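Student: This is the structure I have questions about; it appears just below.
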Amino acid sequence: MERQSTYTATATIDEHGILTGWSEGAQRLLGYDSAAVVGRPATALLAATGSAARRALAGRERWNGTVPLRHRDGRSVELGVLAHRRTSDAGVTDWLVVSAVTARPQPPRGEPLEEWTFLQSPFPLAIFDPGLRLVRANRRMEHALALPEAAMRGLRLVHIVPGAASEETDRSMRLALESGRPQEVRARLGPALGRGSVLTPLKDAGGRVRAVCLSTQHPAQDSAVRQRPPDEAGARGGTAAEQARAAQELGEVTVPRLADVMAVDLLDMPRSDVTGEPRSGAAEPASQPGPVVLRRAALRAVPDDGGSAHGTTVGEAIVCPADSPPAHCMAAARPLLYDTADPAVAAWAALDPGTAWLRASGARSLLAVPLLAQGSTLGVALFGRLRDREPFGPEDLRLAEEFAAKAAVGIQQARAYSRARTTTMALQHSLLPHTLPAQGALDIATRYLPAATRAGVGGDWFDVIPLSGARVALVVGDVVGHGIRASATMGRLRTAVRTLADVDLPADELLTHLDDLVLRLAADEGSADPAAETAGGIGTTCLYAVYDPVSRSCTLARAGHPPPAVVTPDGTVRFLDVPAGPPLGLGGLPFEAFETELPEGSLLALYTDGLFEARDHDIDEALDKMFAALGRPATSLDSVCDRVLTELLTHRPDDDIALLVARTRALHEDRVARWELDDDPTVVSVARHLAGDQLSAWGLHDAVFTTELMVSELVTNAIRYGRPPIQLRLIHQGGTLICEVYDSSGTTPHMRRARIFDEGGRGLLLVAQLAERWGTRHDRVGKTVWAEQTVARI
């Protein structure tokens, strides 16, 4: 039975650095439950800056080392971790991070002869305890897995070498422990290990099974590469999610079958050739190639080279002199074959630190092959053979060129996808709000999770827009499609919503104008590209809500968007019955507004449909989980967001997810003053005195003079140009004072420049000079002219 003091902490992190999984062991280790961390940046758990971690993982498929993490109680924890980069069949990439937490001391070493036998065995050996956790590994196993024993100790095989093969071996290991009989496994744990493993139970003097030994052989080093279809390397490399994976898979295909040691060095930016000149057709050799700066993408050698292939770190910059074999190879754009005794190769190997792997391997034959794709040189692949093998021949050169060409296609595709995704992410990030605006009507928390598919980032967005009268607009939208087109359309619509909200359009009228805009965008894009899918964003959905803290009313309208959920202070959770309305871009169909009163402290949840699409089960179960997550008490709105995402995300989302959660506040009567005014010019002075007295009661003595001037001008305009009834309202919210005058006329006042002898025309100019902001909003009947100014808080 495994001791309770030993457990494994695991976490999964997507390619954007967002935590997507958190085990019970991780919670025991750092004190955070999954709801507190899932959906948030992994760098938030670091006790240091995240830049070093990003540099360490860049371009790698696996990393092990010590990381300083922040415990929930504030202390720093130095933790040894092993991180694996994984790519699913669908091309989705993430990181599996594991750490063994154990109080078990290291087992004592055996007698010298036994210890030498274990360490120096020609076969890779590893010993696992009854909990299936590694306690010993010999040097051959360390070399085969490219991990030191210290990084593997305390971990299960499924965490050391993730995959179906290790899961099958893990099950057989359990059977060997329980039955006491050896087991054979045909699955191959890694390219540097032979096919098949033997699991031998290790028993004490009393016959009790105390551990199990895993042993395997090296893969045969034969000439089977000639029987292997050349398309295999290209197929694997072409489907890789990233260029580093494509380069490393080239090494898996060619070592040890074609070469004993190899390296792939890539240009950071592909060029037509190393001199930067355009190339058409076959390139002519450059007479004087210049030095080339490359970055090591892969490094691989046969397992029994004593680790010599690790002389240069993957991701390290390599500077190739002008007369080096890599520079000549890329300049000539064709394979070049060298003997390592050649003076040019010897001089290059002696001077360039990047050739440490070649010197240590003792290779006698060197083959340099350029990586070419679509007329661009991406880098160079270098292959070496040891002295006990025949030098490279014409057939080897042909096969290496085919392998490199197909790997170059995979690298090029990965670079193109990476550039497109990076551009789309940068565009969308620039279009989404970076900070929430200051307002006092709602407490707000938001979350945005981009899609994890190769289709690219979608067009989901959210926004918070302060309006006149202390009101706030909440917007959530979902543009159909993915990629740059969807992000650009999202930016257009978000800008349009802000512009329409600025003129205080009612919710249903705003969606009508937005619908017209989508139709025009579709017409413009359709005429330019009739075959374009989702032109202009037809089928886009949007939800627009306006909350008024004075009346505590919320007015909503939606265009094909999921309905919002509300949680009242008594804990009741329900959907608001907002009429669905058609998606944007269909045209001619009406939108209907829905108005409801929300008690102070109500919770309002707006979201996009990606939240439910991430569920593997039916929609009813997803709704139940969301309602339960929203209804449970929480210390903050951030924890509500995290809880909703944790409950509903069973896997990385295939569509973007936008989530906005708001808790309502209310402005009580002691912060709002209103008066009904007669339609008589003499009431202007009365209005001034009413405003002055109210400001004195609020303690805003410094604002009395300015406010009385604005009240005088606005009331005079309402009496002169408007129609009764006339109302004056003052709102004091935090450090803001709002003055509003309503009349039932639909005419809109406008500011004009008065001439020297004009008796009027200066009122609104004066208001504009005195106020921070001013404007007009139209109601169903009549209009309100408002002016806002900043005052000292009390």
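Student: Residue 504: net charge of surrounding residues, Cβ under 14 Å, Lys/Arg +1, Asp/Glu -1, itself excluded?
Tutor: Numbers: positive: 471, 498, 773, 777, 780, 783; negative: 502, 508, 509, 548, 740, 779, 788.
Charge balance near residue 504 sits at -1.
Student: So, one more: What ranking, highest mean first, results for peptides 657-663, 77-83, 502-508, 707-713 when packing means the other Cβ atoms within 10 Å averaged over each residue? Present the calculation step by step, with values, prior to reporting the outcome.
Tutor: Values: 657-663: 24.6, 77-83: 16.4, 502-508: 18.6, 707-713: 21.1.
Highest to lowest by the protection proxy: 657-663, 707-713, 502-508, 77-83.
Student: Check residue 459: other-chain or 5+ apart residues with amide H under 5 Å from its amide H, H built from backbone geometry?
Tutor: 479
Student: Let me ask another. As a footprinting exposure proxy, order 252, 597 by other Cβ within 10 Å, with the fewest listed first.
Tutor: Starting with the residue having the fewest Cβ neighbours, the order is 597, 252.
Student: Can you list residues whose amide H is under 5 Å from residue 47's amide H, if they're 5+ apart or on another chain and H is modeled 1.01 Å from N?
Tutor: 69, 70
Student: A follow-up question, please. Which ³J(HN,Hα) values, rounded to whole Hz and listed in residue order, are derived for region 329-346 from phi using the Karplus coefficients 6.51, -1.76 and 1.60 in 6.51 cos²θ - 1.76 cosθ + 1.60 with θ = phi - 60°, glycine and proline given as x?
Tutor: Going residue by residue, I get 4, 6, 5, 7, 6, 7, x, 10, 10, 10, 9, 5, 7, 4, x, 5, 5, 4 Hz, with x marking Gly and Pro.
Student: Can you give the net charge of the other residues whose Cβ lies under 13 Å from the Cβ of residue 697, counting K and R as +1 and D and E as -1?
Tutor: Cβ neighbours under 13 Å give a net charge of -2.
Student: Quick check on the exposure proxy: order 540, 635, 340 from fewest to most C-beta atoms within 10 angstrom. Don't skip to the answer; put the middle values down first.
Tutor: Numbers: 540 27, 635 7, 340 20.
With the sparsest Cβ surroundings first, the list reads 635, 340, 540.
Student: Which order results if 329, 641, 213 are arranged by neighbouring Cβ count within 10 Å, fewest first? List each step's numbers first, then the result.
Tutor: Numbers: 329 27, 641 23, 213 18.
In order of increasing Cβ crowding within 10 Å: 213, 641, 329.
Student: HN-Hα J couplings of region 66-78 from phi, Karplus 6.51/-1.76/1.60, θ = phi - 60°, integer Hz, Gly and Pro as x?
Tutor: Computed from phi, the couplings for region 66-78 are 9, 10, x, 10, 9, 6, 4, 7, x, 7, 8, 10, 7 Hz.
Student: Once Rh is set to the Kirkwood radius over Cα pairs, what Stokes-Einstein translational diffusion coefficient, in µm²/s, holds for region 112-216 at a temperature of 10 °C and a viscosity of 1.306 mPa s?
Tutor: It diffuses with D of about 117 µm²/s by this estimate.
Student: Right, another one. Can you work out ³J(HN,Hα) from phi for every residue in region 677-686, in order, using Karplus 6.51 cos²θ - 1.76 cosθ + 1.60 and θ = phi - 60°, giving whole Hz and x for Gly and Pro?
Tutor: Per-residue couplings from phi come out as 10, 6, 8, 8, x, 6, 6, 4, 5, 5 Hz.
Student: Would you list the P(r) distribution for region 7-101, with all Cα-Cα distances sorted into 10 Å bins from 0 and each bin expressed as a whole %?
Tutor: For region 7-101, the pair-distance distribution reads 16, 55, 26, 3.
All of the numbers you see were taken from the coordinates with simple rules; none came from a lab. Everything numeric here is computed off the predicted structure, so don't read it as measured data. Quick reminder, even Gly has a Cβ in these numbers, built from the backbone with ideal geometry, and neighbours come from all protein chains shown.
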